[in-house]
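Have a look at the structure below, then the notes.
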Amino acid sequence: MNPRRTPRSGSAEELLNTLQSLTARARQEVELHQARVELAQALQREMLPASLPTLPGLQSAARYAPARHGLDIGGDWYDGFPLPDGALGFAIGDVQGHDVEAAAFMGQIRIAMRAIAATASDPGDVMARTNDLLLSVDSALFATCTFLRLDPRTWELHSARAGHVACVWGTVDGLSGITEDPGGLPLGIAAGEHYPVTRRTLDTAGTLVLLTDGVVEGPSLLIEDGLDRVRRLVGAHSGASAEELADEVLGAAEFTGHEDDAAVLVLRHEAARRPR
């Protein structure tokens, strides 16, 4: 049986050098972490629109929270833009994955959808042509999306959905609900996919909330429960502005466990003007 060896104690100078080395390494890791966070936030800011269109009787607001509190670049996005005929286009979507490739694919979808929507007035056609264009670039990624087209003259809203989470609606008198619009497959999966269009007239003043699943689904929350939470929020804040409601809805993402990035797009509208 060998006698136990007594570990040698380092000198005070060796211990100090080791401590300085560990401190320097920790500082570098903190700086690298902060650089990654700032890069993710900067890239996401550049990918998302600087502003959203508004018009008399319509407020629009959006919010975005990065995945894992800024550590990853996410593929969630929202968009809003005027169309050549005077209508407004709004979109929200979610690309599979959380990396630079997902962010780049998200940028491709935004650009493609804007370009196609400028020449195609039917949201189902916009979605189908965007889908086929994305398939032509031969990417392994796919994305869910909802696209809306609002005519400010008639207050008619036409929408199409590609595998995306349902919208939440509310009225000024506190009623609220979850849409059950039909839809097609996510973008980038199958060529020739058909996307049915839902048509509605905004004849009651209220709010439409578009969101990604990072707001309503996660390790701590089923998507049905998350959507119902947002529905109750919308009903309880019927008098809030679009900006205030966007903050409230994004806050609901904290109940999911927040492992995914999250996006919210709020449209607060007046009722359609009836002809006299």
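The values are calculated or read from the model by the stated rules, or taken from the named source; none is laboratory data. Everything numeric in this text was worked out from a predicted model, so none of it was measured. Please note: Cβ atoms are built from the backbone with ideal geometry, for glycine as well, and neighbour counts cover all protein chains shown.
Which ones in segment 185-228 are farther than 24 Å from Ala112 by Cβ and in a loop (DSSP other than H, G, I, E, B)? Please lay out each step first, then the result.
At the first step, the residues of segment 185-228 found to be farther than 24 Å from Ala112 by Cβ are 200-207, 209, 215-228.
Passing the criteria: Leu202, Asp203, Thr204, Ala205, Val216, Glu217, Pro219, Ser220, Leu222.
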Open item on the list: With the requirement that a residue be under 30 Å from Ser139 (Cα atoms), of a type in the set (D, E, K, R) and in contact with a His (Cβ under 9 Å, 6 or more places away or on another chain), what does segment 187-222 give you?
Closed with: Asp213
TODO: Name the residue, out of Phe147, Phe142, that is among the aromatic types (Phe, Trp, Tyr), touching a strand residue (DSSP E or B) at 6+ places or on another chain (Cβ under 7 Å) and closer than 28 Å to Gly251 by Cβ.
DONE: Phe147
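Quick one: count up the residues across segment 239-270 that are surrounded by fewer than 18 Cβ atoms within 10 Å (Cβ to Cβ) and touching a strand residue (DSSP E or B) at 6+ places or on another chain (Cβ under 8 Å). Working first, answer last.
Going residue by residue through segment 239-270, those that are surrounded by fewer than 18 Cβ atoms within 10 Å (Cβ to Cβ) are 239, 241, 243-244, 247, 251, 254-255, 257, 259, 270.
Now drop any that are not touching a strand residue (DSSP E or B) at 6+ places or on another chain (Cβ under 8 Å), which leaves 241, 243, 247, 255, 257, 259, 270.
Of the residues in that region, 7 qualify.
Residues checked against (1) modelled with pLDDT under 95; (2) more than 26 Å from Leu227 (Cα to Cα); (3) of a type outside the set (Asp, Glu):
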position: Ile116; (1), (2), (3): no, yes, yes
position: Asp125; (1), (2), (3): no, yes, no
position: Leu133; (1), (2), (3): yes, yes, yes
position: Phe147; (1), (2), (3): no, no, yes
position: Leu150; (1), (2), (3): no, no, yes
position: Arg153; (1), (2), (3): yes, yes, yes
position: Leu157; (1), (2), (3): no, no, yes
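Could you tell me how many of the residues in segment 205-248 are over 22 Å from Arg161 (Cβ atoms) and of a type in the set (S, T, N, Q)?
Narrowing segment 205-248 to residues over 22 Å from Arg161 (Cβ atoms): 205, 219-220, 232, 235-241, 243-244, 247-248.
From the residues that got through so far, the ones that are of a type in the set (S, T, N, Q) too are 220, 238, 241.
The number of residues fulfilling the criteria is 3.
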Task: For Gly184: the one exception among (1) in contact with a His (Cβ under 8 Å, 6 or more places away or on another chain); (2) among the small types (Gly, Ala, Ser); (3) under 23 Å from Val266 (Cβ atoms) - done: (3)
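If you check Asp225 against the conditions, is it under 23 Å from Thr171 (Cβ atoms), more than 15 Å from the chain's Cα centre (by Cα) and not polar (S, T, N, Q)?
Numbers: under 23 Å from Thr171 (Cβ atoms): yes; more than 15 Å from the chain's Cα centre (by Cα): yes; not polar (S, T, N, Q): yes.
Taking the combined requirement at face value, the residue satisfies it.
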